[in-house]
Amino acid sequence: MTIPIFYDASGRRARWMRLGVAGAALAGMAILLMLVAALTGARARPALALPEDAARPRAIASVPVAGERGPWVPGGSRVGTARRLPVMGFYMPWDGPSRRSLARHVADVDWLVPGVASVVGPDHRFAFERDDHLHAVLARAPRRPALLPMVQNARDDGSWDGPGTAALLARAPARRRFARQLERMVAAEGAEGVVLDLESLPAGAHRDYRRFLSELRARFAPHDWQVVIAAPVADEAWDLRAYAAVADRIVLMAYDEHWMGGEAGPIASQPWFARVVARAVADTGAKGIVALGNYAYDWAGRATTPLRVDDAWALARRAGTVPRFDRASGNWHFAYRADGRDHQVWLLDAVTAANQRRAAAAAGASALALWRMGSEDPHFWTAIRDGAAGALRTIPAQEQVAVLGQGEVMRLDAQATTGRRVLTADGAGMIRDARVDRLPGSDVVQRVGARRRLVALTFDDGPDPVWTPRILDVLKREGVPATFFVTGANALGHGDLLRRIVAEGSEIGNHSTLHSNLSHRSPEAIRLELGATERLVEAYTGRAMRLFRPPFLGDADPDRRDELHATRVGAAMGYLTVGLNVDPHDWQTPSPGQVVARTIAQVERGTAMRPAQIVLLHDAGGDRSRTLAALPAIIRGLRARGYDLVGVSRLVGLSREQVMPRLRGAEASEALGTRGLFGTVAWMRDALTVLFVVVIAVGIVRALTLTGLALASRDRDRAPDAPPHLVPTFVSVLIPAFNEARVIEASVRRILGSVGARLEVIVVDDGSTDGTRDVVAGAFGIDPRVTLLTLPNGGKARALNAALRVARGDVVVALDADTQFEPETIARLLRWFADPAIGAVAGNARVGNAVNLVTRWQALEYVTAQNLERRALHAMGAVTVVPGAVGAWRRTALDAVGGYPDDTLAEDQDLTIAIQRAGWRIACDMTAIAWTEAPETARALFLQRYRWAYGTLQCLWKHRGLLGRGRPRGLALVGLPQTLVFQVLFAIAAPLIDVALLVTAAQSAWRVADRGWAAAGGDVGWVAACWAAFTAVDLACGWVAYRLEGRRLPVLRMLGQRFGYRQLLYLVVLRALAAAASGPWVGWGKLERSGNVEAPSPGAGIATARSTAANDRAALIHAA
């Protein structure tokens, strides 16, 4: 017996292959581990010191203050009432924290007092502005408080217009006009009255004020509106008893014991508070509402700055201290030095509010008020509700961001933390001692870079091998440095560009690895993105990076914690975050003139409070020709206006070496060692990209070429008009059969029904065990045209050769037992043999059992792959296979090559090549139709195609000497090379292409989800356009293939074939390659027959065919 090609009985090749695969896997794993180690090995570095740090506040000892001594509750009063007192809240619409406090605590207040109006000036100008935010909050509130809009006599600079208010109150016409204005305001607001906060009144104005209140109450009475005033509790000029007689309510301002512009001291010491509140409540009775302060004052001499409680805590954090609880006053204080001046800070918080609540309740107060919402300790509301010390110990982190300084470069100096207080209360519940173990705080951002007449050009998203060098050329020509924020994905493989950026004086910053929207990423993912790019740049340049710009960073003005998500991670790694206030939107491809105009205009609009000195441009991510064209004009235009163009480092006040420090010692050696690793990864990426493009392009060109050749060869495919006497009339039909009892009788009967030729049928029972021999003998035992040979099982080639030895025809037709010929098929094959140069004729095999999706896909594949390809190869004299299901062979040609080969599993392909090498030509007749049974399950299909693919590899190896040389030229230069490339090499590459397409599609979908359609929709459009173009070519070629057979293309079925079916064929080739390399025994295998073949009835013709296919190994071509 002939040893099959590739078979290795010793098993040595299999062992070597296993060792090779294991070695490759270990090497791949080692490279992967090294890559992971390289990408995750970024080091956290200390924060960069900035010039602004010299102005940081430093803690100093507090100056003792001699405050009031006395009881902490009104004398003789009993402390500790559980009664809840109604609460009034003062709300300032212009203040962001006040707006947030309103939204959070609207349900905690009984009266809401918004500061929406003022009356100032010699003309007593009344200004009222409706606050839509207020009414939106009220509309959503589960419990709506009574609304009392407030009118103040405060000027724009914060001072009080006492003289102007006195003049208004002294004149009756002015009072009446003011009253009308108040009436209209209350009606417009849907309010229940008004609060008047008219301060700094001259002593002589109080009588007129009380007269006005009486007039206003009379005017409001029909509406049942209230007139409420705010009055200080410790000013003797305010006769609270007299005011109580003319007002519905009096807000007693029990704070500012030490006031703005005065001496530093407690804002409301507890003894002072108890004394003045007791007297004021006694004077006003049930009309008195005790207002509690919850804020801080920062005194530098007599210059005073009001602070929110959280601002005071943040200031203490920056100064490196904590507020101290003054046991004498019950207020908090600390001190610091900044800019050469000493500062004293006193504050009121939830602890002081809890004590004041108890004292006010003990004094008989009927209600409390907060001055003002937004400045308070977060636990203020807990304190006035029950005053329990235990509820005040933990202080929540602050949600807002504390932003210090000006500029577009940010350093996160502190992160938000919760605070903790330790409190000591006496038996009556008064908190007598307290300390802060840990201050609460918000994120603290130090902004820098506001240096006059300096501008920094920055370029994002690169480097790009096309645009970055051209931009560097412009910068070099103009003598301008810039800062390039690079992504790791684009930097990979472009170390030369990174080194050029550094060599020519510019700077490099980190722009993440994948240009992701980092606000959607976990801290670990952000750390990985920054670390990977950092390690890459270190490997290529030998320098670290300290500048970072998150992708999609909008500006340099964060006001919410979530806006600092990426900055927070970057800060932990030692990065400065570089924002921007100049964005000409060059990525939207405006004209160069528009880019120039926008850039210069935005720079010119910069102010001290909002500098515009960092320009955002792009050197990658698309066509940057407009940016490139605009760059020289931007540089010259800014210089002409007196600006110096610098790197970000100089704008910040640092050197380039500080923002890009050189690596030294072990760090430098490690970075240099990883350069080769990154180079290997870059080479692999580029190779796969090239492979992707080449495979797609060559596949499209091949499809179009084959389609064109198939169309052009229609005339050549037509059967010759041969003289009858030259056409052989006697044919031997060989049918090898192994366990074909279910289908053999139908196959033989169809052959015997052939017209136009004399024939003999030789059935070879190749050791069947299912009664195949009995079926043939019973059905055709008396038919002289049928000969039955019985052999022990030895394979298809042995069976065919045994039949060949007894065959008498000049032409031999071999077919599978599951195949059914149409009546004219044999006659149509025979007519080609009138040409003595023809050695074989290929017919047209079609699927006769298109009963499910698997078989219908095969039917589609046969038409669009096999038949189309065979037509094209026939035109070039390069046919590689006459299908075993329907082919005719000249007997002398078979004898010349030694009959059917038995050392390959693809005996029909092997024989086709051998006959052509012997000098014969191959013809094709697409009207000679046979109906064959295709595998009906995916497993059966896999096994069949595995045998076909393995046999094709055997044939390529056996006839490898013909590749590219020898004769026939068509087979040597086209047939076998295209089989090798498109059936083998493309099948290896095809899974990579599919993976690349899936990855590309997934990346596009991820970009849209991550960045939104506006930013990433173009990627989806590009992927969709490429897929549509490729699919259109595929469908067009399929349409031509079906039209050549007079049939309609099933479009949806062809589209669906790309998903699953073709991937199965790729796996077939890969398994066949593995078997060829390792050398196991590969047998013929046996397709279990279903007997579902349905061929048209004799005479029905081609038009009635159910489906069509060309049945041979080259089916794998189309799949690739």
Bins of 10 Å, starting at 0 and running to the largest distance - Cα pair percent for segment 712-1119: 5, 22, 33, 24, 10, 4, 2, 0, 0
Per the helix-only calculation at 222 nm, which mean residue ellipticity applies to the chain, given -39500 (n - 2.57) for every DSSP H run of n ≥ 4 and division by its residues, nearest 500 deg cm²/dmol? -13000 deg cm²/dmol
What's the Kirkwood radius of segment 290-401 in Å, using all Cα pairs? 14.7 Å
Given Leu514, Trp683, Ala799, which one lies farthest toward the positive end of the charge dipole of the chain, if we put +1 on the Cβ of every Lys and Arg and -1 on the Cβ of every Asp and Glu? Trp683
How charged is the neighbourhood of Asp235? Take every other residue with its Cβ under 11 Å from the Cβ of Asp235, and add Lys/Arg as +1 and Asp/Glu as -1. -4
Sequence ranges 527-538, 989-1000, ranked by mean other-Cβ count within 10 angstrom, highest first: 527-538, 989-1000
Taking the Cβ of Gly164 as the center, what net charge do the other residues with Cβ under 10 Å away carry, scoring Lys and Arg +1 and Asp and Glu -1? 0
Positive-pole candidate from Ala928, Ala914, Trp889, dipole of segment 712-1119, charges at beta carbon: Ala914
Looking at segment 225-306, send over the antiparallel percent of its DSSP beta bridges, to the nearest 5. 30 percent
Starting from 0 in steps of 5 Å, tell me what percent of the Cα-Cα pairs of segment 699-756 lands in each bin. 4, 12, 13, 11, 10, 11, 14, 17, 8, 0
Could you work out the pair-distance distribution P(r) of segment 447-663 from its alpha-carbon pairs, with 10 angstrom bin width and percents rounded to whole numbers? 9, 37, 39, 15, 0
What percentage of all Cα-Cα pairs in segment 184-317 are separated by more than 18 Å? 61 percent
For the ranges 541-549, 657-665, what's the packing order if you count other beta-carbon atoms within 10 Å of each residue, average per peptide, and put the highest first? 541-549, 657-665
Simple Cβ-charge dipole of the chain, Lys/Arg +1 and Asp/Glu -1, about Cα centre, in debye nearest 20: 720 debye
Net charge (Lys, Arg +1; Asp, Glu -1) of residues whose beta-carbon lies under 11 Å from that of Gly488, Gly488 excluded, is -1
Stretch gain in nm, segment Ala918-Arg758, where the contour uses 0.36 nm per residue and the Cα spacing is subtracted: 54.8 nm
Can you tell me the dipole magnitude for segment 712-1119 around its Cα centre, using point charges on the Cβ only (Lys, Arg +1; Asp, Glu -1), in Debye to the nearest 20? 760 debye
DSSP bridge pairs, segment 447-663: antiparallel proportion in percent, nearest 5: 5 percent
About the Cα centre, and with charges only on the beta carbon of Lys, Arg (+1) and Asp, Glu (-1), how big is the dipole of segment 452-518? Nearest 20 debye, please. 260 debye
For semi-axes √(5λ) of the Cα gyration tensor in Å, one of (i) 94, 33, 27; (ii) 55, 33, 26; (iii) 55, 43, 24 was computed from the structure I shared and the rest are decoys. Which label? (i)
One would report the antiparallel percent of DSSP beta bridges in segment 712-1119, rounded to the nearest 5, as 25 percent
Taking a temperature of 25 °C and a viscosity of 0.890 mPa s, what whole-number D in µm²/s does Stokes-Einstein yield for segment 127-260 with Rh from Kirkwood over alpha carbon pairs? 155 µm²/s
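Rule-based calculations on the coordinates, nothing more; no lab input. Everything quoted here is computed from the prediction, not taken from an experiment. Heads up, the Cβs are rebuilt from the backbone with ideal geometry, glycines too, and the neighbour counts pull from every protein chain shown.
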